[in-house]
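Visitor: Before anything else, here's the structure in question.
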Amino acid sequence: MTISKYKLESADDSLKKDKEFVLAAVKENGEALKFADDSLKKDKEVVLAAVKSRASALYYADDSLKKDKEFVLAAVKQDGLAPISEALKFADDSLKKDKEVVLAALLHSYGEAIRYADDSLKKDKEVVLAAIKQWGAALYYADDSLKKDKEVVLAAVKQDYAYKDTDGSVFEFADDSLKKDKEFILAAVEQDGSVLEYVHDSLKKDKEVVLAAVKPDDNGVLSFADDSLKKDKEFILAAVKQDGSVLEYVHDSLKKDKEVVLAAVKEFDMALEFADDSLKKDKEVVLEAVKFTRWGALRFADDSLKKDKEVVLAAVKKDVNALGYADDSLKKDKEFVLEAVKQDGRVLYYADDSLKKDKEVVLAAVKQNGKALEFADDSLKKDKEVFLAAVKQDGRVLEYANDSLKKDKEFVLAAVKQDGVAFEFADDSLKKDKEFVLAVVKQNGEALEFADDSLKKDKEVVLAAVKQEGCAIDDADDSLKKDKEVVLAAVKQNGKALKYADDSFEKDKEVVLAAVKKNGLAIYDANDSFKKDKEVVLAAVESFGLALDQADDSLKKDKEVVLAAVKEYGDALKYADDSFKKDKEVVLAAVKKDDGRALRYVDDSLKKDKEVVLAAVKQNGKAAEKYQYFCALEFADDSLKKDKEVVLAAVEQNGRAFRYVDDSFKKDKEVVLAAVKQNGLALEYADDSFKKDKEVVLAAVKSTIDALDYADYSLKKDKEVVLAAKHGIF
């Protein structure tokens, strides 16, 4: 039963008192709670369902619930669609002072709930750190005393840079005393170079500080440095070797310096744009730039070098559009263009018209990329050898073929074999030829869309098409969408085809059963009566577990159906009756599937069950790459986040789980090492002592170079660590 908030608003008062009716409405949209009877605004089940859908629904709850700690804790832990930070916003002021409630809210709101915490907790370092580690901009809401705290401010800078929460840097909110502290600033700019904008002017003149701030991902940082450094050749050489783009901000005298510009374009090819015009004529400099470009650095070269074959060919190898910037003389040079199209056929677009008529050039181009046929002269679009070479690469190039080839059965069939949509571009005479269309749809059923209407009424043709691609029935004549033989053939090939069959088949059990067996999603298009039919629902969930969502409530209480669903897809547990979320057998089956994600839907009692949680976290690692930011451990009871066996199992499978372990393990070297070996980025959440520990940092950077961002400043200068990081790129 789906009920919108608008239906509840206009419903009779008797329905506004009906718990089942109101529950359905608030599950659809939590804001519907506004229109419920006052008696239900005191009902925990109703209000919690509303908050889960829309956190702001707590605003409409009875004041007694807003003061109920147990209830508010449950509310802020919901993972609904709206920002959960709003749940705390509407809690009673007494609970905004409650550390346990606020910490829970922070964890489930990515730190944003700090906005609504009482001022007393904005002075609490533990609370503020918990917020900042999820949302760097939370520093803005911290008490001034904590804006002077190095640990707090550095944590904010790290988080802000990692997740790009703000423009600029949250360092803007730090106390002025820290903006003058060189040692602290060095640590801060290592995390986020844009911090330099807000440091004291004296440190903007400091070479060590500014050089530490300059790095490839912090574009424009040098603009904040003192002008004296922008003229310092030794300093600028070091800077452009770290980030070539800073050439934009150096003094004009150094934009004429070949040594500086060469170093810049080697690091960042597009730095050529900022070089003095004299160096844009220098072949050595320009060659260095175009060798690595994918962004068209040739455009910034002097016109004299746009005529140079060596330079332009080097550019074309990296950027197909580079020939567009070349001198016209090269676009007419057959030897040069031949070499270019072998690199990328699409270069033919920029060739001189005379070469677009040259068979050798065009053949080389279409062999490399079939789409190059579009740019060939019309005379070669008739050439069978050229066309066959192109169509082997891309069937849709039939669009660019000469009309004579669009009538040629051999060539059209070759095109359709590669891509059914190519039939759209065939001559109309072939679209009316039954024998030919039969051959085409047997190769690709989707081609039926482009057949003549007369053949869309031909049962033999349509049957052949739907046996190859069931959804081709969508393009059949309506008369055949009513033909059971055709419809059965279609749904047996692709269950989704039920959607395109005549509506009468939504009530035909044989057809529906065949469809859901092939694709459980077909139940969405079946008549509601089948959603109560166990045989149909069982077949659907065995094919697609989430089809349980469409089952009648009576079948969501059927263990056989629910087990089949969660065994196919663990997240189907979300739609099961609440009784099964407490059923260990069902829950274990769910969390062992996919990536353990189903743990979030489990009853709290089983989130404390070690066997269940272990099964989930062990499974989680198998999908860590696919669902890289999901960690089953996040949803385990806090007691198990303190259990070393569980924690080790979790981080060994998915290093990101380290974020959710009890703080005590963030100081445990065995756990930290296990986490960073699996995913170096786990170093972010380790105790600061381990960020100085060479063994731990080495293990982290061997996993991913990005872990270096979280290492202590001292180890970022360590040659062994830096070399290990470069080799650790995957």
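The values are calculated or read from the model by the stated rules, or taken from the named source; none is laboratory data. Just so we're clear, the structure is a prediction, and the values are computed from it rather than from any experiment. Positions of Cβ are generated from backbone atoms using ideal geometry, with glycine treated the same way; all protein chains shown enter the neighbour counts.
The rows are residues; the columns are (1) closer than 24 Å to F505 by Cβ; (2) touching a helix residue (DSSP H, G or I) at 6+ places or on another chain (Cβ under 9 Å); (3) of a type in the set (A, V, I, L, M, F, W, C).
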| position | (1), (2), (3) |
| --- | --- |
| K407 | no, yes, no |
| Q418 | no, yes, no |
| F425 | no, yes, yes |
| L438 | no, yes, yes |
| A451 | yes, yes, yes |
| A465 | yes, yes, yes |
| C471 | yes, yes, yes |
| D474 | yes, yes, no |
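Visitor: Checking D552 against (1) within 27 Å of V586 (Cα to Cα); (2) of a type outside the set (K, R); (3) in contact with a Lys or Arg (Cβ under 6 Å, 6 or more places away or on another chain); (4) in a helix (DSSP H, G or I), which single condition isn't satisfied?
Guide: Status for D552: all satisfied but (4).
Visitor: Now, a different point. Quick check on A590: is it more than 14 Å from A650 (Cβ to Cβ), assigned to a helix (DSSP H, G or I) and in contact (Cβ under 8 Å) with a residue 24 or more places away in the chain?
Guide: yes
Residue-wise test of (1) in contact with a His (Cβ under 8 Å, 6 or more places away or on another chain); (2) β-branched (V, I, T); (3) surrounded by 17 or more Cβ atoms within 10 Å (Cβ to Cβ).
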{"position": "L498", "(1), (2), (3)": "no, no, yes"}
{"position": "S504", "(1), (2), (3)": "no, no, no"}
{"position": "V512", "(1), (2), (3)": "no, yes, yes"}
{"position": "V516", "(1), (2), (3)": "no, yes, yes"}
{"position": "A522", "(1), (2), (3)": "no, no, yes"}
{"position": "D525", "(1), (2), (3)": "no, no, yes"}
{"position": "S529", "(1), (2), (3)": "no, no, no"}
{"position": "K532", "(1), (2), (3)": "no, no, no"}
{"position": "V536", "(1), (2), (3)": "no, yes, yes"}
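Visitor: Moving on to the next point. Is there any pair with a first residue in region 161-178 that is modelled with pLDDT under 90 and a second that is in a loop (DSSP other than H, G, I, E, B) whose Cβ atoms are under 7 Å apart and which are 6 or more apart or on different chains, and what are they?
Guide: Y161/D192; D165/W135; S169/D192
Visitor: Of all residues being small (G, A, S) and free of Cβ contacts under 8 Å to residues at least 40 places away in the same chain in region 634-684, which is nearest to A74 (Cα to Cα)? Just the residue, please. Step through it out loud before you land on a result.
Guide: So the first thing to find is which residues in region 634-684 are small (G, A, S), and the list is 636, 639, 649-650, 655, 657, 664, 674-675, 680, 682.
Then keep just the ones that are free of Cβ contacts under 8 Å to residues at least 40 places away in the same chain; that gives 636, 639, 649-650, 664, 674-675, 682.
Values: A636: 14, S639: 17, A649: 27, A650: 25, S664: 25, A674: 32, A675: 30, A682: 28 Å.
Ranking the candidates gives A636 first.
Visitor: V391 versus (1) in contact with a helix residue (DSSP H, G or I) (Cβ under 9 Å, 6 or more places away or on another chain); (2) of a type outside the set (K, R); (3) surrounded by fewer than 19 Cβ atoms within 10 Å (Cβ to Cβ): which is the lone unmet condition?
Guide: Failed condition: (3).
Residue-wise test of (1) closer than 30 Å to D475 by Cα; (2) of a type in the set (V, I, T).
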site: D508; (1), (2): yes, no
site: V511; (1), (2): yes, yes
site: A515; (1), (2): yes, no
site: L521; (1), (2): yes, no
site: S543; (1), (2): yes, no
site: L546; (1), (2): yes, no
site: A564; (1), (2): no, no
site: D594; (1), (2): no, no
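Visitor: Oh, and also: Against the condition within 24 Å of V265 (Cβ to Cβ) and crowded, with 20+ Cβ neighbours inside 10 Å, how does V209 come out, does it pass? So that I can check it myself, show each step before the final result.
Guide: On the way: within 24 Å of V265 (Cβ to Cβ): no; crowded, with 20+ Cβ neighbours inside 10 Å: yes.
Against the criterion (within 24 Å of V265 (Cβ to Cβ) and crowded, with 20+ Cβ neighbours inside 10 Å), V209 does not qualify.
Visitor: How do the helices (runs of 4 or more DSSP H) wholly within region 184-250 filter down when requiring 1 or more residues that are within 22 Å of Y161 (Cα to Cα), touching a Ser or Thr at 6+ places or on another chain (Cβ under 9 Å) and in contact (Cβ under 8 Å) with a residue 24 or more places away in the chain: which remain?
Guide: On the way: elements: 207-213, 227-230, 233-242.
Because the criterion is at least 1 residues that are within 22 Å of Y161 (Cα to Cα), touching a Ser or Thr at 6+ places or on another chain (Cβ under 9 Å) and in contact (Cβ under 8 Å) with a residue 24 or more places away in the chain, the helices (runs of 4 or more DSSP H) in region 184-250 that meet it are 207-213.
Visitor: From the list K677, K669, exactly one residue is closer than 17 Å to A725 by Cβ and either of a type in the set (S, T, Y) or surrounded by fewer than 21 Cβ atoms within 10 Å (Cβ to Cβ) (or both). Which is it?
Guide: Details: K669 fails: closer than 17 Å to A725 by Cβ.
Result of the check over K677, K669: K677.
Visitor: May I pose another question? Within region 305-326, count every residue that is charged (D, E, K, R) and under 12 Å from K283 (Cβ atoms).
Guide: Let us first name the residues in region 305-326 that are charged (D, E, K, R), namely 306-310, 317-319.
Narrowing further to those that are under 12 Å from K283 (Cβ atoms): 306-310.
Residues meeting the conditions: 5.
Visitor: Quick one: count up the residues across region 409-418 that are buried (at least 18 other Cβ atoms within 10 Å of the Cβ) and either without any contact (Cβ under 8 Å) to a residue 24 or more places away in the chain or over 17 Å from V461 (Cα atoms) (or both).
Guide: 5
Visitor: Out of (1) closer than 30 Å to V337 by Cβ; (2) part of a helix (DSSP H, G or I); (3) out of contact with any Phe, Trp or Tyr (no Cβ under 8 Å at 6 or more places or on another chain), the odd one out for Q393 is which?
Guide: (2)
Visitor: Also, I was wondering about something else. When you scan region 273-292, how many residues do you find that are within 18 Å of Q242 (Cβ to Cβ) and at pLDDT below 95? Outline the logic, then answer.
Guide: At the first step, the residues of region 273-292 found to be within 18 Å of Q242 (Cβ to Cβ) are 274-275, 288-289, 292.
Cutting the leftovers down to at pLDDT below 95 gives us 288-289, 292.
Of the residues in that region, 3 qualify.
Visitor: Right, next: Take region 328-341 and flag every residue that is surrounded by 15 or more Cβ atoms within 10 Å (Cβ to Cβ), of a type outside the set (V, I, T) and assigned to a helix (DSSP H, G or I).
Guide: Narrowing region 328-341 to residues surrounded by 15 or more Cβ atoms within 10 Å (Cβ to Cβ): 330-331, 333, 336-341.
Add one more test, that the residue is of a type outside the set (V, I, T), and what stays is 330-331, 333, 336, 338-340.
Correct list: L330, K331, F336, L338, E339, A340.
Yes/no per residue for (1) outside any helix (DSSP H, G or I); (2) in contact with a helix residue (DSSP H, G or I) (Cβ under 6 Å, 6 or more places away or on another chain); (3) at pLDDT below 95:
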site: E645; (1), (2), (3): no, no, no
site: E652; (1), (2), (3): no, yes, yes
site: E670; (1), (2), (3): no, no, no
site: V696; (1), (2), (3): no, yes, no
site: K702; (1), (2), (3): no, yes, yes
site: D709; (1), (2), (3): no, no, yes
site: L723; (1), (2), (3): no, no, yes
site: K726; (1), (2), (3): no, no, yes
site: I729; (1), (2), (3): yes, yes, yes
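Visitor: Name the residues in region 270-283 that are within 17 Å of A326 (Cα to Cα) and part of a helix (DSSP H, G or I), would you? Talk me through it step by step, then tell me what you get.
Guide: So in region 270-283, the residues within 17 Å of A326 (Cα to Cα) come out as 270, 272-273, 280-283.
Of everything in region 270-283, those that are within 17 Å of A326 (Cα to Cα) and part of a helix (DSSP H, G or I) turn out to be M270, L272, E273, K280, K281, K283.
Visitor: Can you tell me which residue within region 286-327, out of those that are small (G, A, S) and either in contact with a strand residue (DSSP E or B) (Cβ under 7 Å, 6 or more places away or on another chain) or assigned to a helix (DSSP H, G or I) (or both), is surrounded by the fewest Cβ atoms within 10 Å (Cβ to Cβ)?
Guide: Initial filter on region 286-327 (small (G, A, S)): 289, 296-297, 301, 304, 314-315, 322, 324, 326.
Then drop every residue that is not either in contact with a strand residue (DSSP E or B) (Cβ under 7 Å, 6 or more places away or on another chain) or assigned to a helix (DSSP H, G or I) (or both), which leaves 289, 297, 304, 314-315, 322, 324.
Numbers: A289: 31, A297: 26, S304: 13, A314: 21, A315: 31, A322: 29, G324: 15.
Ranking the candidates gives S304 first.
Visitor: State whether the residues of region 126-144 include one that is of a type in the set (V, I, T), crowded, with 24+ Cβ neighbours inside 10 Å and closer than 30 Å to A271 by Cβ.
Guide: First, pick out the residues of region 126-144 that are of a type in the set (V, I, T): 127-128, 132.
Restricting the remaining residues to those that are crowded, with 24+ Cβ neighbours inside 10 Å gives 128, 132.
This time we only want the ones that are closer than 30 Å to A271 by Cβ, so: none.
Scanning region 126-144, I find no residue that is of a type in the set (V, I, T), crowded, with 24+ Cβ neighbours inside 10 Å and closer than 30 Å to A271 by Cβ, so the answer is no.
Visitor: Still on this structure: Here is a check on your reading of the model: is D638 not in a helix (DSSP H, G or I) and not hydrophobic (A, V, I, L, M, F, W, C)?
Guide: Values: not in a helix (DSSP H, G or I): yes; not hydrophobic (A, V, I, L, M, F, W, C): yes.
Spelling it out, D638 is indeed not in a helix (DSSP H, G or I) and not hydrophobic (A, V, I, L, M, F, W, C).
Visitor: Something else: I'm trying to understand the selection: among the residues of region 361-385, which are of a type in the set (A, V, I, L, M, F, W, C), within 40 Å of the chain's Cα centre (by Cα) and in a helix (DSSP H, G or I)?
Guide: First, pick out the residues of region 361-385 that are of a type in the set (A, V, I, L, M, F, W, C): 361-366, 372-373, 375-376, 380.
With within 40 Å of the chain's Cα centre (by Cα) added as a condition, the list becomes 362-366, 372-373, 375-376.
Within region 361-385, V362, L363, A364, A365, V366, A372, L373, F375 meet the criteria.
Visitor: Scanning region 547-597 for residues that are among the acidic types (D, E) and under 26 Å from the mean Cα position of the chain (by Cα), which turns out surrounded by the most Cβ atoms within 10 Å (Cβ to Cβ)?
Guide: Start the filter on region 547-597 by keeping residues that are among the acidic types (D, E), which leaves 549, 552-553, 558, 560, 568, 571, 577-578, 583, 585, 594-595.
Of the ones still in play, those that are also under 26 Å from the mean Cα position of the chain (by Cα) are 549, 568, 571, 594-595.
On the way: D549: 16, E568: 21, D571: 19, D594: 21, D595: 24.
So the residue we want is D595.
Visitor: Here are E634, E568, E652, E611: which of them is of a type in the set (D, E) and within 30 Å of D533 (Cβ to Cβ)?
Guide: Numbers: E634 fails: within 30 Å of D533 (Cβ to Cβ); E652 fails: within 30 Å of D533 (Cβ to Cβ); E611 fails: within 30 Å of D533 (Cβ to Cβ).
Going through E634, E568, E652, E611 in turn, the sole match is E568.
Visitor: Now a separate question. Being closer than 24 Å to L683 by Cβ, of a type in the set (K, R) and assigned to a helix (DSSP H, G or I) is the filter here; which residues of region 109-133 pass it?
Guide: So in region 109-133, the residues closer than 24 Å to L683 by Cβ come out as 110-111, 125-133.
Pick out the ones that are also of a type in the set (K, R) and you get 125, 133.
Across region 109-133, the qualifying residue is only K125.
Visitor: Please indicate, with yes or no, whether at least one residue in region 414-422 is in contact with a Leu (Cβ under 9 Å, 6 or more places away or on another chain) and closer than 23 Å to K484 by Cα.
Guide: no
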